Amino acid sequence: MNDPAVARTTSARLRQKQGQEQERERRRRPDGPRRRATAAVLVRAALIATGLVTVYYVLPLDGRSTTGTSALLACGLLLVLVIFSWEVRAITHSPYPRLKAVEALAATLVLFLLLFAGTYYLLEHSTPGSFSEPLTKTDSLYFTLTTFTTVGYGDVAPRTQTGRVLTMVQMAVGLLLVGIAARILAGAVQAGLRRRGREPSDDFASRPED
């Protein structure tokens with residue numbers, strides 16, 4: 001004859017085990033709010049990138065002097081720094097820090113690239129011959145991307161000292177953006193998670209270890 005106490009203990013252990021399995025299954029599947037947050041971030045990132053590129057092509061970039069172009073670049077880089085600082089603060093207060101970091105990186109990176117593309121375009125039109133061939137806005141963006149990704153096809157290259165200095169500035173700031181800025185964003189994500197007492201895997205679905 002079975003001992004009732006043993007039966008109750010066994011039943012309690014089974015219920016506990018079932019509860020643990022259900023909890024693991026729940027964690028494997030992102031819940032509704034998280035899925036909606038992920039979709040919203042992806043849509044916002046795409047809209048921000050599309051909006052910035054549209055402004056780049058629509059904005060009438062008239063001819064400026066070399067000094068004016070350099071001043072514009074300096075102001076633009078300051079704006080990028082301000083926006084990046086604001087995004088870092090927003091990440092620490094966001095309910096989904098990792099998702100917010102993706103949005104912040106997309107906005108900052110696109111703005112950075114378009115800023116240099118516009119600067120190269122203005123430089124070529126204010127000082128013709130600064131590059132190996134005349135630059136349209138698309139050419140300027142193409143050169144910016146090849147420089148940032150270190151592909152360097154060589155079909156477009158700076159010829160003047162000003163053009164080469166600006167290109168070196170982009171290379172240096174690009175390395176900082178990829179290295180230091182990425183570490184800052186990662187730190188902001190961790191701060192946001194600690195602020196809410198959450199595990200690092202809360203923003204995305206993950207498979208917990210058994």
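Filter the range 173-210 down to the residues that are open to solvent by 50 Å² or more (accessible area, probe 1.4 Å) and under 30 Å from S126 (Cβ atoms), then identify the one that is modelled with the lowest pLDDT.
Once the filter is applied, the top-ranked residue is V178.
Would it be correct to say that T69 is at pLDDT below 80, buried (at least 20 other Cβ atoms within 10 Å of the Cβ), part of a helix (DSSP H, G or I) and out of contact with any Asp or Glu (no Cβ under 8 Å at 6 or more places or on another chain)? Spell out the reasoning first.
Working: at pLDDT below 80: yes; buried (at least 20 other Cβ atoms within 10 Å of the Cβ): yes; part of a helix (DSSP H, G or I): yes; out of contact with any Asp or Glu (no Cβ under 8 Å at 6 or more places or on another chain): yes.
Taking the combined requirement at face value, the residue satisfies it.
For S130, state whether it is touching a strand residue (DSSP E or B) at 6+ places or on another chain (Cβ under 7 Å) and either hydroxyl-bearing (S, T, Y) or buried (at least 18 other Cβ atoms within 10 Å of the Cβ) (or both).
yes
Conditions tested, residue by residue: (1) at pLDDT 90 or above; (2) open to solvent by less than 20 Å² (accessible area, probe 1.4 Å); (3) closer than 18 Å to L59 by Cα.
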| site | (1), (2), (3) |
| --- | --- |
| L123 | no, yes, yes |
| S126 | no, no, yes |
| V151 | no, no, no |
| G154 | no, no, no |
| T160 | no, no, no |
| G163 | no, yes, no |
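The values are calculated or read from the model by the stated rules, or taken from the named source; none is laboratory data. No experiment lies behind these values; they were computed from the predicted model shown. Note that each Cβ is placed from the backbone with ideal geometry, even for glycine, and that neighbours are counted across all protein chains shown. Calculation scope for accessible area: heavy atoms of the full protein, side chains included, ligands and nucleic acids excluded. Shrake-Rupley method; radii C 1.70, N 1.55, O 1.52, S 1.80 Å.
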